[in-house]
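Novice: There's a structure below that I have some questions on.
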Amino acid sequence: MGRRAPSSAGRPSSGRSRLRLTKGERPMKRFITAALFGAAMLSASAAGAAERMIQLKVSGMTCPSCSYQVESSLKRLQGVKQAHADADAGRATVIYDDGRVSVQKMLRALYEAGYPARPAG
């Protein structure tokens with residue numbers, strides 16, 4: 001009483017039935033698995049295709065508070081994913097979705113905040 005009969009493999013049964021594929025069905029399973037994996041990879045690469053990084057040369061940053069203001073101005077824009085400003089270097093690094101925000105919008109936001117900028121090159 002209370003003991004389970006061993007399965008055909010000699011292991012206790014988990015209570016779940018397993019789907020057994022015939023030899024003809026196994027290649028189809030591999031094909032479906034490969035197709036789904038490929039579709040997932042394509043959608044992941046398409047989703048990240050618009051992500052870009054740019055370095056901006058920013059004028060007027062003289063202290064950590066200035067860096068914070070520059071970062072805040074950039075992060076307020078929809079499409080900016082990350083922004084880091086370095087007052088000592090006079091640069092800001094921005095990771096953004098170019099389908100949602102343009103470099104011109106970033107430059108305009110910094111100009112309006114009192115920090116004229118241009119793409120570093």
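Novice: Give the residues of region 109-121 that are assigned to a helix (DSSP H, G or I) and touching a helix residue (DSSP H, G or I) at 6+ places or on another chain (Cβ under 7 Å), sorted by residue number.
Specialist: A109, L110 - these are the residues of region 109-121 that are assigned to a helix (DSSP H, G or I) and touching a helix residue (DSSP H, G or I) at 6+ places or on another chain (Cβ under 7 Å).
Novice: Then there is this: So which residues in region 73-99 are small (G, A, S) and without any contact (Cβ under 8 Å) to a residue 12 or more places away in the chain? Talk me through it step by step, then tell me what you get.
Specialist: Filtering region 73-99 down to residues small (G, A, S) leaves 73, 79, 83, 85, 87, 89-90, 92, 99.
Matches in region 73-99: A89 only.
Novice: Do we have any residue at all in region 51-59 that's in contact with a Ser or Thr (Cβ under 6 Å, 6 or more places away or on another chain), aliphatic (A, V, I, L, M) and at pLDDT 95 or above? Can you show your working first?
Specialist: Let us first name the residues in region 51-59 that are in contact with a Ser or Thr (Cβ under 6 Å, 6 or more places away or on another chain), namely 55.
Pick out the ones that are also aliphatic (A, V, I, L, M) and you get none.
No, the conditions are met nowhere in region 51-59.
Novice: State which residue is surrounded by the fewest Cβ atoms within 10 Å (Cβ to Cβ) when the search covers only region 100-121 and only residues that are in contact (Cβ under 8 Å) with a residue 12 or more places away in the chain and within 12 Å of Q78 (Cβ to Cβ).
Specialist: R100
Novice: Also, I was wondering about something else. For the structure I just gave you, tell me whether L42 is part of a loop (DSSP other than H, G, I, E, B), modelled with pLDDT under 95 and aliphatic (A, V, I, L, M).
Specialist: Values: part of a loop (DSSP other than H, G, I, E, B): no; modelled with pLDDT under 95: yes; aliphatic (A, V, I, L, M): yes.
Answer is no for this residue.
Novice: Please determine whether any residue of region 68-81 is exposed (fewer than 13 other Cβ atoms within 10 Å of the Cβ), at pLDDT 95 or above, within 19 Å of the chain's Cα centre (by Cα) and of a type in the set (S, T, N, Q).
Specialist: Looking through region 68-81, at least one residue is exposed (fewer than 13 other Cβ atoms within 10 Å of the Cβ), at pLDDT 95 or above, within 19 Å of the chain's Cα centre (by Cα) and of a type in the set (S, T, N, Q).
So that you can scan it fast, the table gives a plain yes or no per residue for (1) within 22 Å of A50 (Cα to Cα); (2) assigned to a loop (DSSP other than H, G, I, E, B):
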| residue | (1), (2) |
| --- | --- |
| M61 | no, yes |
| S67 | no, no |
| V70 | no, no |
| Q78 | yes, yes |
| H84 | yes, no |
| A89 | no, yes |
| V94 | yes, no |
| V101 | yes, yes |
| L107 | yes, no |
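The values are calculated or read from the model by the stated rules, or taken from the named source; none is laboratory data. If you're wondering where the values come from, they're calculated on a predicted model, not measured in any experiment. Cβ coordinates were reconstructed from backbone atoms using ideal geometry, including for glycine residues, and neighbour counts include every protein chain displayed.
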